[in-house]
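The values are calculated or read from the model by the stated rules, or taken from the named source; none is laboratory data. Quick caveat: nothing in here was measured; it's all calculated off a predicted structure. Cβ placement follows ideal geometry from the backbone for every residue including glycine, while neighbour counts extend to all protein chains displayed. All accessible areas refer to the heavy atoms of the entire protein, side chains included, with ligands and DNA or RNA removed. Shrake-Rupley method; radii C 1.70, N 1.55, O 1.52, S 1.80 Å.
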Amino acid sequence: GLGFNIVGGTDQQYVANDSSIYVSRIKKDGAAYLDGRLQEGDKILAINGKDLKDLRHKDAVELFRNAGCHVSLKIQRRLQPQNGPVGHRGDGESGGVPLAAILVPGLALAATAVWILLRYRQRM
């Protein structure tokens, strides 16, 4: 997976009167954690150019599961001001988050580790 969980959707609103998709948890040592740009509480506006507005939760999950190797996220950062409630930045949108920068090398490293392990076992 991409290393994070999401909440929200038209059928499971996370924020009252807002059916957006939000990052609820970043999994330690997952792709998003290692990349370091995505944060818990971020609103995900789009994945690979596909707008997430007005989607049911399960449909959003399906988009993430089928995102492929090259993933670009359009997010709105959730900021915590010094005083006052948590809010969203006015423009708030960042560019895409190419998780492929972590996923591709990570997969190559994992494949190499499996290959080495199999070779080592053959010699025993």
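Within the range 15-34, how many residues turn out to be over 16 Å from residue 76 (Cα atoms), of a type outside the set (A, V, I, L, M) and open to solvent by less than 30 Å² (accessible area, probe 1.4 Å)? Selection size over the range 15-34: 1. In the set (1) under 28 Å from residue 110 (Cβ atoms); (2) assigned to a helix (DSSP H, G or I), the condition left unmet by residue 59 is number (1). Listed by first and then second residue, the pairs linking a residue in the range 1-14 that is open to solvent by 60 Å² or more (accessible area, probe 1.4 Å) to a residue that is hydroxyl-bearing (Ser, Thr, Tyr) and not in a strand (DSSP E or B), with Cβ atoms under 7 Å apart and 6 or more places separating them unless they lie on different chains, are 10/19; 13/19.
Residues that are assigned to a helix (DSSP H, G or I) and open to solvent by less than 50 Å² (accessible area, probe 1.4 Å): does the range 37-56 have at least one? No, that holds for no residue.
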